[in-house]
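One structure is given below, encoded as structure tokens.
The values are calculated or read from the model by the stated rules, or taken from the named source; none is laboratory data. Everything numeric in this text was worked out from a predicted model, so none of it was measured. Note: ideal-geometry Cβ built from the backbone for every residue, glycine included; neighbour counts use all protein chains shown. Ligands, DNA and RNA are excluded from the accessible area calculation, which covers all protein heavy atoms including side chains. Shrake-Rupley method; radii C 1.70, N 1.55, O 1.52, S 1.80 Å.
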Amino acid sequence: MTLLGIDVGGSGIKGALVNSETGEMISERFRIPTPIPRTPEAMTDVIAEIVAHFDYKGKVGCGFPTIIKNGVCKATGNLHKSWLGVNVEELLEKKTGLDFTVINDADAAGYATMNYGIGKGEKGLVIMITIGTGLGSGAFLDGRLIPNFELGQIPYKKYSKIEKWAAGSAKDKEGLSYKKWGKRFNTFLEYVELIVSPDLIILGGGASKDFNEFKSKIKIDTKVIAAELQNHAGIIGAAVASLHKGE
């Protein structure tokens, strides 16, 4: 079955067609920069443009960069404050006329990794960290998703949330080397380890492909590995999530 997956990020909104049986992308990824400001109207227009690009008429899965509960945005994260309380599924369905399933973006990436990638078959508590504009996190206990596990929202020193200091966007904004930024990211992982004591941490998102550049700075006891799906995982996981709406 062919499904459309859309991954909404702080810097780009990406879509691709996915084979639901194999978890493979069967089209080229189509990307449009995330509009600034990140308002509902502007972002909905971009998502509709991605749907139109593929001339697609079926179910759509969408990974969204904040807490989503029953299709409703429960926190704004790095988005415009006007998103708070918006039923994202209803908004996108009205715009496109298609059936949308919207879940947290890190949950989507984790879902792909746990079902089709390096996390398949892993037991215990597995935490998926997506490194990008923010620090998304997805939690899986014996392969089952625990939704909206937003560890990047932990306050840290003068920062309202640690992702402002330790996300990939902080590295780019401050021009940090991978080694200097890696020390910050390790601090974040120390908090993750302290709070939830995971059995495994899997890194995804754009920076995961450069894991070897900062691997030496990761000092925690928990095993940390990079997801081979990297920044395609959000698209794949979102697409397949559309098959499980209401479960």
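Close amide H partners of E24, meaning residues 5 or more places away or on another chain with modelled amide H under 5 Å apart, are N19. Distant-in-sequence amide contacts of G132, defined by a placed amide H-H separation under 5 Å and a gap of 5 or more residues or a different chain, comprise G168, S169. The simple Förster model, with R0 at 35 Å and r as the Cβ-Cβ distance, assigns R144 and K183 a FRET efficiency of 0.55. Averaged over its residues, the chain has an accessible area of 46 Å² per residue, based on protein heavy atoms and a 1.4 Å probe. Counted residue by residue at 0.36 nm each, then reduced by the alpha carbon distance between them, the extension gain from L194 to I36 reaches 53.3 nm. Under the simplified labelling scheme, the K81-M1 pair shows an inter-label distance of 4.1 nm, with each label point 7 Å from Cα along Cα→Cβ.
To put it simply, the accessible area of the chain at a 1.4 Å probe is 49 percent carbon and sulfur. Find the centroid of the Cα atoms in segment 1-70 and in segment 219-238, then give the distance between the two in whole Å. One Cα centre to the other: 19 Å. Ellipsoid semi-axes for the chain, based on the Cα gyration tensor and the rule √(5λ), read 27, 20, 16 Å when sorted largest first. With contributions of -39500 (n - 2.57) from each DSSP H run of at least four residues, the per-residue ellipticity at 222 nm computed over the chain stands at -9000 deg cm²/dmol. Here the spin labels are modelled as points 7 Å beyond Cα on the Cα-Cβ line, and at K158 and V72 they lie 3.7 nm apart. Taken about its Cα centre, segment 122-226 carries a charge dipole of about 460 debye when Lys and Arg each add +1 at the Cβ and Asp and Glu each add -1 at the Cβ. For the residue pairs K161/K219; K158/K179; K123/K171; K59/K161; K171/K215; K14/K59, the alpha carbons lie more than 24 Å apart in K123/K171; K59/K161.
From the Cα gyration tensor of segment 83-212, with a ≥ b ≥ c the square roots of its eigenvalues, which class applies: rounded if a/c is under 1.5, or else prolate if a/b is larger than b/c, or else oblate?
Working: a/c = 1.79, a/b = 1.27, b/c = 1.40.
It comes out oblate by the Cα gyration axes.
In the assembled protein chains, V196 presents an accessible area of approximately 30 Å² (probe radius 1.4 Å). The residues neighbouring K171, those whose beta-carbon lies less than 9 Å from its own, together hold a net charge of +1 under the Lys/Arg +1, Asp/Glu -1 convention.
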